[in-house]
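Reviewing the structure listed below.
Just so it is clear, none of the values below were taken in a lab; they were calculated from the coordinates. These numbers come from a predicted model, not from an experiment. All Cβ positions, even for glycine, are placed from backbone atoms using ideal geometry, and neighbour counts span all protein chains on display.
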Number of protein chains: 2
Amino acid sequence: MQTTFAIKGNLVHTPQCGKLELHPQAYLVCENGTVAGIFETLPEGYQSIPVEDYGDKLILPGLVDLHVHAGQYAYRGLGMDMELLDWLEQNAFPEESRFAEEAYAEAAYRIFVDGLLHTTTTRASIFATLHRPATLKLMEMLDKAGLPCYVGKVNMDRNSPDYLRETTGESLAETRRWLEKSGEFTCVRPILTPRFTPSCTDALMNGLGQLHREFGTPMQSHLSENLSEIAWVQELCPGTRFYAESYARAGLFGGDCPTIMAHCVWSGEEERALMKEKGVFIAHCPQSNMNVSSGIAPIKQYLREGQKVGLGSDVAGGAHLSIFRAMTDAIQCSKLRWRLVDQETPALTMPEALYMATKGGGAFFGKVGSFEPGYKFDAVVLDDSNLPTTRSCTLAERVERTVYLSDGRPCAKYAAGRKLF
Amino acid sequence: MQTTFAIKGNLVHTPQCGKLELHPQAYLVCENGTVAGIFETLPEGYQSIPVEDYGDKLILPGLVDLHVHAGQYAYRGLGMDMELLDWLEQNAFPEESRFAEEAYAEAAYRIFVDGLLHTTTTRASIFATLHRPATLKLMEMLDKAGLPCYVGKVNMDRNSPDYLRETTGESLAETRRWLEKSGEFTCVRPILTPRFTPSCTDALMNGLGQLHREFGTPMQSHLSENLSEIAWVQELCPGTRFYAESYARAGLFGGDCPTIMAHCVWSGEEERALMKEKGVFIAHCPQSNMNVSSGIAPIKQYLREGQKVGLGSDVAGGAHLSIFRAMTDAIQCSKLRWRLVDQETPALTMPEALYMATKGGGAFFGKVGSFEPGYKFDAVVLDDSNLPTTRSCTLAERVERTVYLSDGRPCAKYAAGRKLF
């Protein structure tokens, strides 16, 4: 692998939330997997490095999917007329149980990894299922494909069918075995994944907190997605003042434990204050929030109050892996929220959506999601010549059209300096 | 052209709203452009007719787009961060004015017609611009492509920039010349198209009413899309009790004058009663209603109260021509409406969305949008083999996945018995 090289094209990124930075026909230099800089002409020291010239194409930072269930990919776009609990019982749980069988898991994850590879997503934080061997297989496949993802073996020891539930002891022991094995991968990392509070007893949650302290593993889960779920958590966890405390009291809510919480549609003031204090990442999954009738999260307010926000596809609550689609869904939902719920808060803009899709969610992975020097060299190259128009568009307009109209399949993709295709 | 033939595959349609009817591996027979019937095996009289066997593919009735602006296609996916009036002034009006130049119009409409041809849409009701020659050019192109559409030369004699406004006299004279010329096409028909009440003086609206009575031409326009527009119409039309009366008092609101009204997001009780009484078609355009922050129309209620409802892409308020996308947008918006506005009214279902996309909107064109005998032979053939899954899906599940996940490009398409590709 060439360690120093450049790509050339129309570079677009969002170092600041809400502001597109455009570099038409510029060079993006990579050194050892990291961005060395953006240059209009190559400086002295880089004159002899290899350059891949993408002509008039668009080059964006690789996009980040902060929340996706790999074990539900076979079900995307199915059962969308059902409500959440029916959908879980009839679709998600039976499907996830099939991952006990390694051959099935391998076939299903092959389709998922191939799908993900050809989207604009370079990094994702992924729910597998509760099965350790299948989870390791998924990690191996992603690692080989060069996609630097977090992957979680799911934990669940209550409130699910017998065929998809562990005992507390099994769940913790399997998680430990999985963590011990997870150091073997090059770019894929483990993330603790209690499914959500209703699926995890206090003993399990506390045990996962101990594993976090022992291994330093980050965590991901779901939070305040819908109102009946919130009421249920209140019942299950007497003594907590709000949902997030069910994670926080086990030491699994930000601070020393980097945390992604999916949804946060209905988080109240205290919960939001704790998320902010602890630097918890919010994975906004607008399409899923529509499909399972959850509502519209107040994302513009979260950005304004300084929360960390990224986007998630939430396949298979969401039907599409494309984070371009998540961007336009987020904008459209924010417009409906303005119209129907809160006319004090304006809609999200395209540059804000691009920020969330790149640097916003990317921050969970370190210096990721921007072309600033020192950031991981993650990039996707997009050909918009197949979106014909009689208009001559500015570069910013080309980005907007591409996000709204393209099929979300880049023609080239780099992660941490490695060219994936 | 073969006048009697059959196609074979997995037939799916919705003769009744809300109910999928499935005919796996069945024959659909065409006689003189019309459906003769669905057969499990070909009856005696049809043994020797040519059969196109589409194997395991899906065959749906051609979809209907009840509301689309061909003159805005170059702008789709652009300026989506603007509000409606800014968007009209900065995007739509300047773009539409370019259609005064015939070469520009031809190039732009070529892109539109090619785009439309390769979607699942077989029939559409289309806004052109106010320019007669360009409108005739569009009609000629659609006619050649075999797409049986309604096309309207737009009328506007107030409240638009000088460069995109006619005098009342010009507008009526040009409309008459256009109508006289419009009889020449094989499958494309004219439709009167006052842009919307704010763009048309009473004199113009009354003149169009007279043209309707003279030529029998149907009409299309916009109704109750957003609240400030409604307030504006109230100011412009003293004496009307609600927006629809501004059309109705000119004889342009259903009854003898078949009418499509786009949007109807905020129609009140009296307006809805009049729509129902007059058999007005509602073109539901959920994506546009999100993009320009209009809100969510109460479509489930409209269906329950017996209104005639079809779907529209409303390009370029909507960014996508795909009526599959309009179907899923409609379902998703109805779920948010349930959650945020009205928990008495459940969400739309996939079979309801398919009905609106086919027979619901199709009824404006006559017997269109179903595979029942006597209906126009409009059909699209879809290959879902490129949507891999480890699940074995039922036929109904395959339809749902295709609507949610496919790129909306059929592999074969028929309109009124003519194979378009």
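Note on the protein assembly as shown: dipole from Cβ charges, positive end direction compared against B:258, A:14, A:73; the farthest Cα belongs to A:73.
The helix-only estimate of mean residue ellipticity at 222 nm for chain A, built from DSSP H runs of length n ≥ 4 each weighted as -39500 (n - 2.57), is -9500 deg cm²/dmol after division by the residue total. For the listed residue pairs A:300/A:335; B:181/B:413; B:57/B:335; A:335/A:376; B:153/B:300, the alpha carbons are over 22 angstrom apart in B:181/B:413; B:57/B:335; A:335/A:376; B:153/B:300. Report the local net charge at residue A:146: Lys and Arg +1, Asp and Glu -1, summed over other residues whose C-beta lies under 10 Å from its C-beta. So the surrounding residues net to +3. Computed about the Cα centre, the dipole magnitude for chain A is approximately 640 debye when only Lys and Arg (+1) and Asp and Glu (-1) carry charge, each at its Cβ.
Between identical copies, the spacing of residue A:344 label points, each set 7 Å from Cα toward the C-beta atom, reads 2.9 nm from nearest to farthest. Evaluated with a Cβ-only charge set (Lys, Arg +1; Asp, Glu -1), the protein assembly as shown carries a dipole of roughly 480 debye about its Cα centre, given to the nearest 20. The phi torsions of segment A:50-60, fed into the Karplus equation with coefficients 6.51, -1.76 and 1.60 and a -60° offset, translate into couplings of x, 10, 9, 9, 8, x, 8, 6, 8, 10, 10 Hz, rounded to whole numbers, with Gly and Pro shown as x. Write down the percent of antiparallel bridges among all DSSP beta bridges whose residues are both part of the protein assembly as shown, to the nearest 5. Beta bridges within the protein assembly as shown, antiparallel portion: roughly 45 percent. Residues within the reach of a label modelled at residue A:103 (point 7 angstrom out along Cα to beta-carbon, backbone nitrogen below 17 Å), restricted to segment B:369-394, are B:390-392.
Averaging 1/r over every pair of different alpha carbons in segment B:63-365 and inverting the result gives a Kirkwood radius of 18.9 Å. Simple spin-label estimate for residue A:32 and residue B:170 gives 6.9 nm between the two label positions (7 Å along the Cα-to-Cβ direction from each Cα). Here segment A:222-287 and segment B:162-200 have alpha carbon centers that stand 58 Å from each other. Amide H to amide H, with H built 1.01 Å from N, residue B:191 comes under 5 Å of B:151, B:152, B:153, counting only residues 5 or more places away or on other chains.
With each label modelled as a point 7 angstrom along the Cα→C-beta vector, the residue A:277-residue B:385 pair spans 5.9 nm.
For chain B, the relative contact order works out to 21 percent when only alpha carbon pairs closer than 8 Å and six or more residues apart are counted. Computed from label points 7 Å out along Cα-Cβ, the spacing between residue B:82 and residue B:231 is 2.2 nm. For residue A:31, the amide hydrogen comes within under 5 Å of the amide hydrogens of A:36, counting only partners 5 or more places away or on other chains and with H modelled in the peptide plane. Phi-derived couplings, Karplus 6.51 cos²θ - 1.76 cosθ + 1.60 at θ = phi - 60°, listed residue by residue for segment A:23-36: 10, x, 6, 10, 9, 10, 9, 10, 10, 6, x, 10, 5, 8 Hz, with x used for Gly and Pro.
Extents of the protein assembly as shown, taken as max minus min of Cα coordinates on every principal axis and listed largest first, are 85, 69, 54 Å.
With R₀ set to 22 Å, the beta-carbon distance separating residue A:158 from residue B:394 gives a calculated FRET efficiency near 0.10. Could you tell me the center-to-center distance, by alpha carbons, between segment B:98-151 and segment A:290-353 in angstrom? For segment B:98-151 versus segment A:290-353, the Cα centre distance is 35 Å.
Principal-axis analysis of the Cα atoms of chain B puts helix B:132-145 at an angle of about 0° to the longest axis. Candidates B:243, B:414, B:338 compared by Cα position along the dipole of chain B: farthest toward the positive end lies B:414, with charges placed on Cβ. Ordering B:328, B:281, B:60 by the projection of their Cα atoms onto the charge dipole of chain B, which places +1 on the Cβ of Lys and Arg and -1 on the Cβ of Asp and Glu, puts B:60 at the extreme positive end. Scanning residues 5 or more positions from residue B:131 or on other chains, those with amide H under 5 Å from its amide H are B:154, with H placed 1.01 Å from N in the peptide plane.
Taking the 0 to 90 degree range and rounding to the nearest ten, how far is the long axis of helix A:202-215 tilted relative to the main principal axis of chain A, both from C-alpha atoms? Its long axis makes an angle of about 40 degrees.
Each residue of segment A:379-388 was assigned a 3J(HN,Hα) from its phi angle through the Karplus curve 6.51 cos²θ - 1.76 cosθ + 1.60 (θ = phi - 60°); the sequence is 8, 10, 10, 10, 9, 9, 6, 8, 10, x Hz, with glycine and proline shown as x. With a 10 Å cut-off around each Cβ of A:105-111, the average count of Cβ atoms from other chains is 2. With its label point put 7 Å out from Cα toward Cβ, residue B:256 sits 8.4 nm from the same residue's point in the other copies, in order from shortest. For chain A, the longest principal axis of the alpha carbon atoms and the long axis of helix A:323-340 meet at an angle near 70°. Charge dipole of segment B:55-157 (Cα centre as origin; +1 on each Lys and Arg Cβ, -1 on each Asp and Glu Cβ, all else neutral): 480 debye, rounded to the nearest 20. Extension gain, residue A:411-residue A:90: 0.36 nm per intervening residue step, less the Cα-Cα distance, totals 111.8 nm. Shortest first, residue A:144 label-point distances to identical copies amount to 5.1 nm, with the label point at 7 Å from Cα along Cα→Cβ. Our estimate of slack between residue B:241 and residue B:367, defined as 0.36 nm per intervening residue step minus the Cα-Cα distance, is 41.9 nm. For the residues of A:309-321, the average number of beta carbons from a partner chain within 10 Å of their own beta carbon is 1. Each principal axis of the Cα cloud of segment B:65-172 was taken in turn, and the coordinate range along them, longest first, works out to 36, 35, 25 Å.
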